1. Out of the residues in segment B:78-96 that are surrounded by 20 or more Cβ atoms within 10 Å (Cβ to Cβ) and at pLDDT 70 or above, state the one that is nearest to the other protein chains (Cβ to nearest Cβ).
2. Those residues that are surrounded by 17 or more Cβ atoms within 10 Å (Cβ to Cβ) and closer than 22 Å to A:K131 by Cα, I need them from segment B:195-219; list them, please.
3. Please work out if B:V13 is part of a strand (DSSP E or B), within 16 Å of ligand 2 (Cβ to nearest atom) and modelled with pLDDT of 70 or more.
4. Does A:L423 count as in contact (Cβ under 8 Å) with a residue 24 or more places away in the chain and in a helix (DSSP H, G or I)?
5. Filtering segment B:10-40 down to residues that are touching a Phe, Trp or Tyr at 6+ places or on another chain (Cβ under 8 Å) and of a type in the set (S, T, N, Q), which residue is farthest from ligand 1 (Cβ to nearest atom)?
6. Step by step: first the residues of segment A:118-165, then only those that are at pLDDT below 90 and within 30 Å of B:L83 (Cβ to Cβ), then the one that is surrounded by the fewest Cβ atoms within 10 Å (Cβ to Cβ). Which residue is that?
7. Kindly provide the set of residues from segment A:134-173 that are within 11 Å of chain B (Cβ to nearest Cβ), assigned to a strand (DSSP E or B) and touching an Asp or Glu at 6+ places or on another chain (Cβ under 6 Å), ordered by number.
8. Do we have B:L121 as within 16 Å of ligand 1 (Cβ to nearest atom), modelled with pLDDT of 90 or more and either touching a strand residue (DSSP E or B) at 6+ places or on another chain (Cβ under 7 Å) or not aliphatic (A, V, I, L, M) (or both) here?
Amino acid sequence: MLGGWYNAHFDDLDKSRLQAKAARLGLVLSTHSLLSGELQLLDNADLELAAQDLLLVKAQGKLLLLSCQPDGHHPLICQAPTQAIFYPAKLQSQLTPSPLPAALSPLRSLQTLARVTGKLEQWLLQDDWQKTCGSLMILHLDLPEPLMFVQVMPCRGFSRCETLLEQWVLGQFSETTASKAFSLASHCSEHPLVTARSALAIPTNQTDLGALAKSWLAASVNMAFANIQGIQQDRDTEYLHQFRVNLRKSRSVLSLLKGGFAGPQQKALAAQLRTLMNRTNELRDLDVHLLAEDQYRENLPDNIKPQADKLVQRLRSKRQRAYRHLSSMLASKAFQRQTRQIQQDIADLPSGPKAHKAALEFGRKKLLKQVQRIIQLAQQLSFDPSDQQIHNLRLACKKARYLAEFFLPGLTGKTILHLAKTLKKLTTLLGDFNDQCVQQQELNSWLLQEQQQVPSDHSYIAYLQLLCQHCEDKKQQARNKIIRQLLKQLTAASQQQLLNALRKTI
Amino acid sequence: MKIIACYSNKGGVGKTASSANLAHLMAQAGHKVLLCDLDPQGASSFYFRLKPAKKLSEDSFFTDQDKLLKAIKGSDYDNLDVLPANMDFRDFDIFLSRMAKGHSALKKALKSVKKEYDFLLLDCPPTISMLSESVFSCADWVLVPVIPSTLSERTLEQLLDFFTQHQLEKHKILAFFSMVQVSKKLHLETMQRLNEQHGDLLLSTFIPFSSHIERMGVHRAPATDFAKGTPAAQHYLDLWRELAKRFS
Ligand SMILES: Nc1ncnc2c1ncn2[C@@H]1O[C@H](COP(=O)(O)OP(=O)(O)OP(=O)(O)O)[C@@H](O)[C@H]1O
Ligand SMILES: [Mg+2]
C-alpha cells in the first residue's frame, strides 16, 4: 500500500496517462468528488496526532484521518465515523465514533488548528463489469505551496491494478515530502496555545506564600494572554474559553492568597482583571449558546421546528457582531498597553502581611476551612434548595477546587484523591445547574423582547416558551443530581474522614 | 471462524440471494467475511461483479493452498471477500470429499483462511448428492431457505431424514421462509403448519417476495446496498440480527 504527501498541484496530475495505462488492462477510470470546500485540521494542544504523522481533517460533517505510516490493519485514509478509525491510544477514549458534530463536543481537547479549502477525490479503476479493481484517494489542500496526499487503495486479488496505480503515482511526483503532517500542523498553529503550556510551579515546604502566589499569578495571566491571537483568528471557540479559564485562575490566586499581596495594589489588579474578563462575556455567552445548538432543536413538534433555525440564525449574527467588536478591541493599541501594564503590575506587586508564611501550610489550612464551609452549606440544604443556596454552594466548591488544585498536587492518599474527585464531580454538576440558570435568564429576556414586538410572531414566541419549559425541566434534573451526589459523597462518616485526612496534611 | 452453509436440496429457493445479502450485512457489521461461491454457475460472484476465475486444473486448485488463497478477490465492500466460482460439478464433488477428510490439503487451506475471516459463507448449488454430508459435518450452521408451498414440507422432512440417517447434528439446521407472498393464503397456511411441526428449527424472520431482490441481477449488487431502506432489505437485516443472536 502506497501513500504519502506530495508538493504538487491537483491540476498537474497526468490523468490521461493513467487512463491510457489502465485501458491496456481493460480498465476504465472514473473520478468521484467526496468532499470539497472548507476543511478543518484538528489536533490537540500538543500536536500529538501530527507528531505521529497523522492528520485529522474534518469536512462536511466527516472526519478523515490521514497517515503515511500504515500499521498493516488500517487503511491510510479512512472515514470516520462510519468506519472505525485508527486513533492513537492516548486519544482513543476521547474520540467517540458517533455522528458529527455532536461527536466533536466531547473532544474539546482537540481543536481546530486551521481552516483551509481543499478537496478529496476518489479515483476508481473498473473493469467491464464495473468491478472496482483498485482506487486512489487524493486530498488536495489549497495552501501557498500546493500540497497533496495521495494513497493507493488496493483490492485483494487485483495486484496488477495495484501495481499500475503505484507506478503511476511514483511517476507523477519526484519525491514524497516526509513528515508533512507535523510541519503542516505546526505551520497552521504558530500559536501560543499550542506551543506554550507552562504548568504552575509545585510548592514545597520551604516555599513562601508571597513568591509562590506571584509566580502563579504571572504564569496564569501569561497563559491567558497566549490565547489572544487564537481568539482574533477565530479558528475555534476553545481559545476564548481557555483565555477565560486562565483569567479566572489568576483571579482566584489573587483573592484566595490575598494576604500574600499588599492590599491596595491587590484590589487594583483584581479590578483590572475583572474588567478584562467582562469584556469577553458577551462573545463567550453566544459561543455557549451556539455550542448548545442541538439543545434548541431537541423534542420539537414538527410545526415549530423551523423556528429553531430562526433562533440559531439570530444568534449567529449576534455572535458575528460580538466577535468583530471584541477582536477590534484586542487589536487596539490601548489593549496592548493594558496587557503590558498588567504584566508589569504583577511583577511590581508589593508583598503583603502574610507573604513570608509557609505556602503549603497556609493553603491547606485554607482548604480545610473551605471544606468545612462546604459541609456546613450542604447540611443546610433541604431536598428542594433555592437557586441562591445552590449558587453559594457552587462558589464554595469552586474555591475549594482551586485550593485543592494549588496545594494538594503530588499527594496520593486515598481520601485526598477522593476529595479531589468529589470536588471535580460536584463543581461539574453545580456548573451544569448554573448553565441552566443562565440559559433560563437569557431565554426569558429573549421572550420578553419578542412579546414586546409589534406585530408579534406567535410561532416564535411559542417556540421560546417551549425552550423555557425544557430549560426548567433540565434545571430541576440538575438540582436533583446535585442532591443525590451530596447524599452519596458527604455521609457523616466520610465527612469526618475527610477532615481528618486534611488536618494530617497540614 | 464460523462456517455457514446456505443449502437446500431444492433449486431456486433464494440460497444465492440470501448468501449475498447476508454476507454484505455481516461485513457491514464489522465481521471479516469470505463468501465462497460453490455454484458452478457463479451467481453469487456475479452479484459482486466478479468473473469466474480462469478454469484451474481442478486438482491442483485444491491441493495447492496458495492457489486457493490467490483466487480470493476483494469485493467493493469493506470486510467482504469472495471466492468466485471456478469449479464444475466434478470439482465440487472433490471439494466436498476433501472437506470431509481430516488431513486434506483443503482443510489446510481453510486453516490459513481461518485466521483471516470471522465467517465463511458457502453458497451451495442445489444437489442431493450424498456428498452433502461433508458440508453438513464441516459447517457450524446450515441455513435453509424454504418457500412456503405444498412441496416445502417434503423437502424439509427429506433433509431431516438425511440428518437422522447420517447421525448429523440436527440443531445445526436453521430454516427460514423465503419469497413469502403474504397475499397468498396458501403461503400463510403453510407457514403456520410448518411452524407447528418444526418450530424448533424455524427462524422467526421471513424474507418476502420482492422485486428489489429480483433486481439484484440488474444492479449486480446486494439489495441491502442498492435498495437499503426498502422492506426487503429490512427483512434481511432482521434475519441477520436473529442469526447473530443464535451464533453468539
Ligand atoms: N425474496 C425474493 N423475492 C423475489 N425474487 C427472489 C427472491 N429471492 C430470490 N429471488 C429470485 O429468484 C431466483 C432464484 O433465486 P436464487 O438464485 O437466490 O436461488 P437459489 O436457491 O440460489 O437457486 P439455485 O438453486 O439455482 O442456486 C433469482 O432470479 C432471484 O432473483
Ligand atoms: Mg444459487
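1. B:D81
2. B:H212, B:I213, B:M216
3. Details: part of a strand (DSSP E or B): no; within 16 Å of ligand 2 (Cβ to nearest atom): yes; modelled with pLDDT of 70 or more: yes.
Here the answer is no, as B:V13 does not meet what is asked.
4. yes
5. B:Q28
6. Taking the candidates together, the pick is A:P154.
7. A:G134
8. The answer is yes for B:L121.
The values are calculated or read from the model by the stated rules, or taken from the named source; none is laboratory data. Just so it is clear, the structure is predicted and the values come from calculations on it, not from any experiment. For neighbour counting, all protein chains shown are included, and Cβ atoms are generated from backbone atoms with ideal geometry for every residue, glycine included.
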